[in-house]
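One structure is given below, encoded as structure tokens.
The values are calculated or read from the model by the stated rules, or taken from the named source; none is laboratory data. All of these numbers come straight from a predicted model, not from anything done at the bench. Heads up, the Cβs are rebuilt from the backbone with ideal geometry, glycines too, and the neighbour counts pull from every protein chain shown.
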Amino acid sequence: MMRRIGGVLAILLSAAVPLATAEVSQDLDADSGLARWHFRDGALSLELIQRLPDQTRAFFLGRGFDADSADRFARACVFQAIVRNRTPAGAAGPALAIDLGRWRVERGDVPLPLPLESEWQQRWSASGQPKRAQIAFRWALFPMQQVFQPGDYNWGMIALGPAPGSEVGLDLVWHENGQPRQGGMQGVRCPPDETVSDQLGDER
Amino acid sequence: MRRLGVCVFGLWMLAMAPAWAAGGMGQGMTPLPDRPPAPEIDLVDLEGQRHTLAQHRGKVLIVNFWATWCPPCREEMPSMERAWQTLKDDGILLLAINVGETEDQVWTFTSNYPVNFPLLLDQDSKTIEAWPVQGLPTTFVIDPQGRLAYRAIGGRAWDDPVLLEQVRELHDAASH
């Protein structure tokens with residue numbers, strides 16, 4: 001009897017949160033030479049492309065941040081994220097709902113939440129970063145929550161938090177037509193803190 | 001000095017590289033079945049001309065939110081200009097609202113991406129905050145009654161005949 005109940009529970013649980021049959025690949029971006037991770041499952045396509053801290057520093061210095069603030073964010077394991085609903089536009093397919101607040105970074109024993117945009121913005125306000133810098137930050141980051149209809153995609157920066165060069169796992173949660181889904185990637189490497197001149201030096 | 005310029009350009013290219021490399025466009029537009037009213041716009045364009053939604057009521061309007069540093073925004077701009085050249089004689093309008101940047105930054109951008117449709121300035125981001133936008137670029141098509149008819153999240157090839165047809169159908173429905 002107990003075994004039967006256990007079996008029914010297992011079926012119900014697996015229906016409630018389908019485990020991913022995901023494809024995960026990792027390669028080097030052909031143009032930049034930076035590492036890229038690509039996760040695909042159901043309608044979801046997620047690409048994470050390393051952003052060297054020097055790139056991110058340059059971007060935010062150019063938007064009006066002071067050096068300390070630009071450096072603080074740049075060293076927080078920043079990736080360029082691209083999310084796409086793989087269902088072709090016009091085709092009947094699920095809406096994808098992403099909530100970064102439910103993603104977790106695995107490093108050590110306790111999975112940690114991603115640093116939230118609101119936390120960064122509080123820091124920028126407290127340190128007196130100009131309004132135009134804060135506006136650029138808001139729109140350059142990947143939105144915390146977003147729904148993707150078939151054919152939609154979006155991009156933006158995601159900060160996972162750990163120091164440059166750290167290796168982490170990423171637990172993903174999303175919804176397809178209201179149904180919860182989960183998956184993950186292991187061995188994601190935070191971009192190393194190499195400067196642009198280091199890169200040029202390597203080429204010479 | 002020239003070397004400094006090359007270095008700055010190189011740094012900027014590198015800063016943008018991963019996003020360019022990822023590239024790609026979205027497809028189609030999502031119809032908004034309940035067609036909510038479009039939030040108000042009251043902004044000035046690069047020529048100093050004021051634009052409000054009320055003054056454009058009765059026409060189909062494409063409203064695009066963008067920024068110069070946003071790679072998919074730049075990628076879709078040339079196709080948006082081609083779409084504009086195709087649609088403008090039908091009385092369809094296109095407004096591209098830049099978010100959070102200065103007039104100088106947008107002027108500089110237009111030297112590399114020349115466009116003829118109005119580029120509006122939302123420097124304090126108050127307008128975009130009132131619209132249902134989460135990321136850049138996002139584009140809406142507004143029907144002649146001032147309602148949000150379609151939405152596209154991410155860049156598009158705006159001269160795609162399928163997209164143009166969706167926009168024209170809204171215009172034709174209002175004309176008949």
When A:Gly33 is run through (1) in contact with a Gly (Cβ under 8 Å, 6 or more places away or on another chain); (2) of a type in the set (Gly, Ala, Ser); (3) modelled with pLDDT under 95, the failure sits at (1)
Within segment A:25-49, tally of residues that are assigned to a loop (DSSP other than H, G, I, E, B) and more than 10 Å from chain B (Cβ to nearest Cβ) | 2
Reported set for segment B:84-139 where residues are touching a residue at least 12 places away in the same chain (Cβ under 8 Å), within 20 Å of B:Ala157 (Cβ to Cβ) and polar (S, T, N, Q) is B:Gln85, B:Thr86, B:Asn116, B:Thr138, B:Thr139
Failed criterion for A:Ala126 (all others in (1) more than 22 Å from A:Asp193 (Cβ to Cβ); (2) of a type in the set (Gly, Ala, Ser); (3) touching a residue at least 24 places away in the same chain (Cβ under 8 Å) hold) = (3)
Of the residues that make up segment A:155-165, is at least one more than 30 Å from A:Ala43 (Cβ to Cβ), touching a Phe, Trp or Tyr at 6+ places or on another chain (Cβ under 6 Å) and more than 9 Å from every other protein chain (Cβ to nearest Cβ)?
-> no
Run down A:Arg63, A:Arg51, A:Arg75, A:Arg84 and say which single residue is touching a residue at least 60 places away in the same chain (Cβ under 8 Å), over 19 Å from the mean Cα position of the chain (by Cα) and crowded, with 17+ Cβ neighbours inside 10 Å.
-> A:Arg63
Residues that are away from every other protein chain (no Cβ under 14 Å) and surrounded by 16 or more Cβ atoms within 10 Å (Cβ to Cβ): find the helices (runs of 4 or more DSSP H) completely inside segment B:63-176 holding 1 or more of those.
-> B:71-87, B:161-175
Residue pairs within 6 Å by beta carbon, gap of at least six or interchain, first lying in segment A:93-119 and without any contact (Cβ under 8 Å) to a residue 40 or more places away in the chain, second in a strand (DSSP E or B), listed first then second, are A:Glu117/A:Leu141
For segment B:41-55, does any single residue satisfy the condition of being polar (S, T, N, Q) and assigned to a helix (DSSP H, G or I)?
-> yes
